[in-house]
1. Can you tell me which residue among V102, V90, V64 is open to solvent by less than 40 Å² (accessible area, probe 1.4 Å) and either free of Cβ contacts under 8 Å to residues at least 12 places away in the same chain or closer than 19 Å to V39 by Cα (or both)?
2. Does any residue of the stretch 151-161 turn out to be part of a helix (DSSP H, G or I), of a type in the set (D, E) and out of contact with any helix residue (DSSP H, G or I) (no Cβ under 6 Å at 6 or more places or on another chain)?
3. Inside the stretch 181-206, can you point out the residues that are open to solvent by 10 Å² or more (accessible area, probe 1.4 Å), closer than 20 Å to S285 by Cα and either in contact with a helix residue (DSSP H, G or I) (Cβ under 9 Å, 6 or more places away or on another chain) or in a helix (DSSP H, G or I) (or both)?
4. Has the stretch 28-48 got any residue that is of a type in the set (D, E, K, R), closer than 30 Å to F170 by Cβ and modelled with pLDDT under 95?
5. Go through the stretch 165-180 and report how many residues are closer than 15 Å to A287 by Cα, of a type outside the set (A, V, I, L, M, F, W, C) and open to solvent by 10 Å² or more (accessible area, probe 1.4 Å).
6. Return the total of residues in the stretch 221-240 being touching a Ser or Thr at 6+ places or on another chain (Cβ under 6 Å) and either among the acidic types (D, E) or assigned to a helix (DSSP H, G or I) (or both).
7. Quick one: in the stretch 67-80, which of the residues that are in contact (Cβ under 8 Å) with a residue 12 or more places away in the chain and more than 30 Å from S190 (Cα to Cα) is least open to solvent (accessible area, probe 1.4 Å)?
8. Are any of the residues in the stretch 113-124 more than 17 Å from the chain's Cα centre (by Cα), in contact (Cβ under 8 Å) with a residue 40 or more places away in the chain and not in a helix (DSSP H, G or I)?
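The values are calculated or read from the model by the stated rules, or taken from the named source; none is laboratory data. Quick caveat, the model's predicted, so the values are computed rather than measured. Ideal geometry is used to build each Cβ from the backbone, glycine not excepted, and the neighbour counts take in all protein chains shown. Just so you know, the surface numbers come from the protein's heavy atoms only, side chains and all, with ligands and any DNA or RNA stripped out. Shrake-Rupley method; radii C 1.70, N 1.55, O 1.52, S 1.80 Å.
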Amino acid sequence: MTAKKGEHVIVEVAGREVRVSNPGKVFFPQAGLTKMDLVEYYLACEQAVVAHLSERPTVMKRWVNGVQGEPFFQKRVPDSAPDWLQTATVTFPSGRHARELVPNDGAHLIWGVNLGVIDWNPWPVRRSDLDHPDELRVDLDPGPGVSFAEVREVALEVREVLEEHGLRGFPKTSGSRGIHIYVRVVPEQSFEEVRRAALALAREVERRMPGRATSRWWKEEREGVFIDYNQNARDRTVASAYSVRAVPDARVSCPLAWEEVPDVEPGDLRLQTVPERLRERGDPSAAIDEKPGRLDGLLELAARDERDGLGDAPWPPHFRKQKNEPKRVQPSRARKPKPEQPSEAHKQ
């Protein structure tokens, strides 16, 4: 329900009245979509959106001038925010803290959209246990010139590897050029161990699909589809299920059934089409919380790799250098050892 009042709209949702300023402001010029269109999308998909954000601290990526403007990340909920907003205080790799939003109902969604939030970027933890992720995230990122058909093929191989190690993956389009696969896990491992499991998964897929899938962090070394294991490091976030993405045609990061993956076209899943799809088909990832798995199998795979001489892989640049991490320098820029100079005796 909405009621117009001058230059703003009052949205009634989740038992609250939320003010939306400048509802006619164009957020997606190419598609002709406004801030109010975005509000109405999240109202239509509220239950599914909140199900994937529930109890998760979430970074606000604000596009105050729409998708043609420059975004900025706001990790801290402002002191001026309504007192009904739910939050969680998280700790970053630097040791600093922030009180982040926990979008537990539609009122939180609309409050965020009013600030320019288009997509939602939650942590893979619940606020009841901020140090043990309950979600392993597989982010498939195609390199330049790599077709979406190749992304689909890698996604299906990821499914096979997960199932061989006792895990169930739930795929979704990224809302851009890639695919995400989420795996619900028992929250018993640290961020470091979840990342270690993700790296082992990436390397196994790379072995099975040489030249088509890669775990290589440095872009100059990549071939095909990059499996971004570092999305599982602390403080890294990924757009959640049913998030509208800040791309010209307002694509949605939309959950899929596995049988849809071989033929899905990301451009078909947009702000204008996903609400009807959700009403007709329901959420293919609705059962994600039913049977969380354990990472024992992937961690055994990681241990095997380590015994075979595969150590850690590079971390994101804002993390401190890790104990077993290789040199954090682009391979083409790494200093090569100087050739040995012959001794004077040898010269004679």
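1. On the way: V90 fails: either free of Cβ contacts under 8 Å to residues at least 12 places away in the same chain or closer than 19 Å to V39 by Cα (or both); V64 fails: open to solvent by less than 40 Å² (accessible area, probe 1.4 Å).
Exactly one of V102, V90, V64 is open to solvent by less than 40 Å² (accessible area, probe 1.4 Å) and either free of Cβ contacts under 8 Å to residues at least 12 places away in the same chain or closer than 19 Å to V39 by Cα (or both), namely V102.
2. Yes, the stretch 151-161 contains a residue that is part of a helix (DSSP H, G or I), of a type in the set (D, E) and out of contact with any helix residue (DSSP H, G or I) (no Cβ under 6 Å at 6 or more places or on another chain).
3. Passing the criteria: only Y182.
4. no
5. The qualifying residues number 1.
6. The number of residues fulfilling the criteria is 1.
7. V67
8. Start the filter on the stretch 113-124 by keeping residues that are more than 17 Å from the chain's Cα centre (by Cα), which leaves 113-116.
Going one step further and asking which of them are in contact (Cβ under 8 Å) with a residue 40 or more places away in the chain, we end up with 113-116.
Restricting the remaining residues to those that are not in a helix (DSSP H, G or I) gives 115-116.
Among the residues of the stretch 113-124, at least one is more than 17 Å from the chain's Cα centre (by Cα), in contact (Cβ under 8 Å) with a residue 40 or more places away in the chain and not in a helix (DSSP H, G or I), which makes the answer yes.
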